[in-house]
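Worksheet: the structure to be examined is printed underneath.
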Amino acid sequence: MRALCLAVLSLAVASPAFAADCTNDVLAAFAKQRASKAFRVEFSQPTAEGEAHMKIDYMPPDRMLQTVTSPAMPGEQQTMLVGNRAFAGTSGTLEELLPQFTQSIVAEVNQAVYAPPKGLGDFECLGPAKLDGQDFVAYRTADKSPPDADRKKIMARTIYVDPTTGLPAFNVVATRADEATPVLKVKYSYPTDIDIVAPTNAPVQKLR
């Protein structure tokens, strides 16, 4: 699931150069997100057992708490990073991970907190747009498909930015057909009460 999150944040697209100015707007929004005191990423994905939900809280520079809930798993599956220490467990009962497992988590958090989205292509400015009853400024991946292409088969990513704060609010993947149901809908939020603290007296995970 952590790899899925990184795929969500990578925003890989390819399109013509005329949308460069709008691409800079998208880059600026995500740069502002990475500079914020804390931010949250949430999305759901269907699985064979039912819908799985992921929530990831980030506190730059080096704190993260990921919580996954799914009908296939008991309780909330959690992964935490605080500095160079990582923890994992269920519903708040966490074990400290060994260094060889911590390294990959550190790398993933560094990617999310410090690095701009990988492989970012060009975005078109859609202008003012509404989503879930709220007003945003929207940007969509530039369309390089032929004019006669079936829009129901062509995927696009739309980034919705809060016009007041300049921060990303949603990252939606759907076909280019009108009113298409999203394949993926990522919500970004910026709660002021996020506080990620390492558990006290957490046992060190044993190799199984």
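The values are calculated or read from the model by the stated rules, or taken from the named source; none is laboratory data. The structure displayed is predicted, hence computed values, not measured ones. Note: ideal-geometry Cβ built from the backbone for every residue, glycine included; neighbour counts use all protein chains shown. Just so you know, the surface numbers come from the protein's heavy atoms only, side chains and all, with ligands and any DNA or RNA stripped out. Shrake-Rupley method; radii C 1.70, N 1.55, O 1.52, S 1.80 Å.
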request  = Keeping the other protein chains in place, figure out the carbon and sulfur percent of the accessible area of the chain, with a 1.4 Å probe.
outcome  = 54 percent
key: Partners for K187 among aspartates and glutamates (Cα-Cα distance below 20 Å; same-chain residues under 8 apart left out)   = D25, E42, E51, D57, E76, E108, D132, D135, D162, E179, D195
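Cα gyration tensor of segment 151-208, axes a ≥ b ≥ c as square roots of the eigenvalues: rounded (a/c below 1.5), prolate (a/b > b/c) or oblate?
Taking the square roots of the gyration eigenvalues as a ≥ b ≥ c, segment 151-208 is oblate.
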ask   = Along its principal axes, what span do the Cα atoms of the chain show, with the longest given first and each in whole Å?
value = 60, 37, 32
ask   = Out of segment 101-145, which trypsin sites (Lys or Arg not before Pro) are coil in DSSP terms and have no more than 13 other C-beta atoms within 10 Å?
value = K118, K144
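Of K37/K153; K32/K206; K37/K206; K55/K130, which sit over 32 Å apart, Cα to Cα?
Beyond 32 Å between Cα atoms: K37/K153; K32/K206; K37/K206.
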Accessible surface, per residue, of the chain when the full set of protein chains is kept, probe 1.4 Å, Å² = 54 Å²
ask   = Cα centroids of segment 131-145 and segment 66-95: how far apart, whole angstrom?
value = 33 Å
